[in-house]
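Chemist: This is the structure I want to talk about, given as C-alpha cells.
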Amino acid sequence: KAGVTQTPRYLIKTRGQQVTLSCSPISGHRSVSWYQQTPGQGLQFLFEYFSETQRNKGNFPGRFSGRQFSNSRSEMNVSTLELGDSALYLCASSRTGTNSYEQYFGPGTRLTVT
Amino acid sequence: GESVGLHLPTLSVQEGDNSIINCAYSNSASDYFIWYKQESGKGPQFIIDIRSNMDKRQGQRVTVLLNKTVKHLSLQIAATQPGDSAVYFCAENFYKLIFGTGTRLQVFP
C-alpha cells in the first residue's frame, strides 16, 4: 500500500509569510503526528491529530498549528515565519497514535525561510 | 528537560563487522522504545522496537538491548553492510515520542 505522502517536498518562503504543509497518511491510519527536524535540535514533536482532534502537543509557539480532516489527511500551518523555522517537517501516521505504536514517516517537506 | 541522548555522533565501521549504537534515555516511566534509521533525503524508517518489560529483542540482523537500571538502550547491527549507512535515532515513548539527536553510521569497505 502507498506510504505517507507529504506536499510540497521543498518550499522557500520569506520572513513574515505563512506556510501550509500537507500530509496524507497511510490508508486506514487515523493518527497523524508532525515533527520538526533541524541539525541543532534534532527531531522535535509538534502535535498529533487523531480523528480530527488534536490529542497531543509539543512545546512550540502558537504560530504552529494544524488540523486533520475527516479523511485523516492533515495540514500544518506556520504563520509569521522566522529564519529559525527553516527545517525538515516530517509527518508520521499510525493506526492509533503516538503511544506504543509503529509510526510511519513521510519523506518530509524541506522549508527554507530567507 | 526532556532528552534522549546518543553517546557517539559518528560511528565508522568496516563492512562485515558488527555495529553497536548506544542511547541514553531520561524517563524511567517510558514504556516503549524505538530505533529508526534515516537515510539522506528520506524520513525515518522504523527498524525495531522494544517494550519496557523486555530486555532484549531480535530482528533480522538487528538486536535491541534495554537496560532499565541505567536507562540505556543499544542497537546492534550484525554484519554491517554499506546499505546500513545512515543516521540512527532512538526514541522513547513518554506520552509522546522523544527522539535522540542521532548517530551517523558510516560503513567503509
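The values are calculated or read from the model by the stated rules, or taken from the named source; none is laboratory data. Note that this is a predicted model, so its numbers are computed, not measured. Ideal geometry is used to build each Cβ from the backbone, glycine not excepted, and the neighbour counts take in all protein chains shown.
Chemist: Just to check your reading of the model, which residue among B:69, B:63, B:80 is in a strand (DSSP E or B) and either more than 14 Å from chain A (Cβ to nearest Cβ) or over 26 Å from residue A:94 (Cα atoms) (or both)?
Modeler: Details: B:69 fails: in a strand (DSSP E or B); B:80 fails: in a strand (DSSP E or B).
None of the other options fit; the residue is B:63.
Chemist: Which one is farthest from the other protein chains (Cβ to nearest Cβ) among residues in the stretch B:95-108 that are surrounded by 18 or more Cβ atoms within 10 Å (Cβ to Cβ) and closer than 23 Å to residue B:51 by Cβ?
Modeler: Here is the first cut: in the stretch B:95-108, the residues surrounded by 18 or more Cβ atoms within 10 Å (Cβ to Cβ) are B:96-103, B:105, B:107.
If we keep only those that are closer than 23 Å to residue B:51 by Cβ as well, we get B:96-100, B:102-103.
Numbers: B:96: 5, B:97: 5, B:98: 7, B:99: 4, B:100: 7, B:102: 6, B:103: 11 Å.
Going through the qualifying residues, I end up with B:103.
Chemist: Looking at residue B:44, is it at pLDDT below 95, within 14 Å of chain A (Cβ to nearest Cβ), farther than 24 Å from residue A:33 by Cβ and within 13 Å of the chain's Cα centre (by Cα)? Full working, then the answer.
Modeler: On the way: at pLDDT below 95: yes; within 14 Å of chain A (Cβ to nearest Cβ): yes; farther than 24 Å from residue A:33 by Cβ: no; within 13 Å of the chain's Cα centre (by Cα): yes.
It is false that residue B:44 is at pLDDT below 95, within 14 Å of chain A (Cβ to nearest Cβ), farther than 24 Å from residue A:33 by Cβ and within 13 Å of the chain's Cα centre (by Cα).
Chemist: Can residue A:62 be described as outside any strand (DSSP E or B), in contact (Cβ under 8 Å) with a residue 60 or more places away in the chain and either on the phi > 0 side of the Ramachandran plot or small (Gly, Ala, Ser) (or both)?
Modeler: Numbers: outside any strand (DSSP E or B): yes; in contact (Cβ under 8 Å) with a residue 60 or more places away in the chain: no; either on the phi > 0 side of the Ramachandran plot or small (Gly, Ala, Ser) (or both): yes.
Considered against the rule, which asks whether it is outside any strand (DSSP E or B), in contact (Cβ under 8 Å) with a residue 60 or more places away in the chain and either on the phi > 0 side of the Ramachandran plot or small (Gly, Ala, Ser) (or both), residue A:62 comes out as no.
Chemist: Let me confirm something: among A:33, A:22, which residue is among the small types (Gly, Ala, Ser), within 13 Å of another protein chain (Cβ to nearest Cβ) and within 19 Å of residue B:42 (Cα to Cα)?
Modeler: Working: A:22 fails: within 13 Å of another protein chain (Cβ to nearest Cβ).
Unique residue meeting the criteria: A:33.
Chemist: For the stretch B:30-52, which positions are of a type in the set (Lys, Arg), within 16 Å of residue A:92 (Cβ to Cβ) and in contact (Cβ under 8 Å) with a residue 12 or more places away in the chain? Talk me through it step by step, then tell me what you get.
Modeler: Pass one, the stretch B:30-52, residues of a type in the set (Lys, Arg): B:37, B:42, B:51.
So of that shortlist, the ones also within 16 Å of residue A:92 (Cβ to Cβ) come out as B:37, B:42.
Listed by number, the list holds a single entry, B:37.
Chemist: Further question on the same structure: Could you check how many residues of the stretch A:23-59 are touching a residue at least 12 places away in the same chain (Cβ under 8 Å) and crowded, with 16+ Cβ neighbours inside 10 Å?
Modeler: 24
Chemist: Return yes when residue B:98 is within 11 Å of the chain's Cα centre (by Cα) and β-branched (Val, Ile, Thr) and no when it is not.
Modeler: Working: within 11 Å of the chain's Cα centre (by Cα): no; β-branched (Val, Ile, Thr): yes.
In short, no.
Chemist: Among the residues of the stretch A:88-114, which ones are within 14 Å of the chain's Cα centre (by Cα) and more than 13 Å from chain B (Cβ to nearest Cβ)?
Modeler: A:111
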